[in-house]
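The values are calculated or read from the model by the stated rules, or taken from the named source; none is laboratory data. The structure presented is a predicted model; accordingly, all values stated were derived computationally and were not measured. Cβ placement follows ideal geometry from the backbone for every residue including glycine, while neighbour counts extend to all protein chains displayed. In case anyone asks, the SASA skips ligands and DNA or RNA and just uses the protein heavy atoms, side chains included. Shrake-Rupley method; radii C 1.70, N 1.55, O 1.52, S 1.80 Å.
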Amino acid sequence: MGLMKSLKVNSLLNAIKSMMRIAFPLITLPYVSRVLQVENLGKYNFSLTVVTYFSYIASLGINGYGIRNGSAIRNDKQQFENFACEIFTINIVSMTIAYLLLII
């Protein structure tokens, strides 16, 4: 019974989150557009695009790799802890490289 309640709550919260992803920009975009004006909004969008590209470089597919390989060793606590440390280190190194490239 507890599992069904948990699934219902998770489904409800996921639906609310999805609706907020649609509603929030619809509410804030007119205000931001009016305050920033066309030229500054274009600068913001360009900057956001550049930062997004560097965040893609920083991620390097680490999430998929971590999920795939972490699920294979989830029952061995010691091996999983070592794997988590390795993933964290890879993430820090790739993030540092992406920041350096962004600064350059």
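Quick one: among Leu29, Leu13, Leu48, which has the greatest mean-square fluctuation in a GNM of the chain with alpha-carbon springs under 10 angstrom?
In the Gaussian network model the winner is Leu13.
List the residue ranges in the chain for DSSP H helices whose C-alpha atoms run 24 angstrom or more along the long axis and whose Kyte-Doolittle average is 0.5 or above.
Helices meeting the span and hydropathy rule in the chain are 2-59, 77-103.
So what's the Cα pair-distance distribution over segment 41-99, bin width 5 Å, in %?
In whole percents, the pair-distance histogram is 4, 18, 20, 17, 13, 10, 8, 5, 3, 1, 0.
When ligands, DNA and RNA are left out and all protein chains stay put, how many square angstrom of accessible area per residue does the chain have with a 1.4 Å probe?
86
Of the accessible area of the chain, with the probe set at 1.4 angstrom, what percent is carbon plus sulfur?
Here carbon and sulfur together make up 69 percent of the probe-accessible area.
Under 30 Å Cα-Cα from Lys5, which lysines qualify once same-chain neighbours fewer than 8 residues away are excluded?
Lys17, Lys77
Relative to 2.2 N^0.38 Å, what does the C-alpha radius of gyration of the chain come to as a ratio? Two decimals please.
Normalised Cα radius of gyration, the chain: 1.56.
How far apart, in nm, are the 7 Å Cα→Cβ label points at Phe46 and Arg34?
2.6
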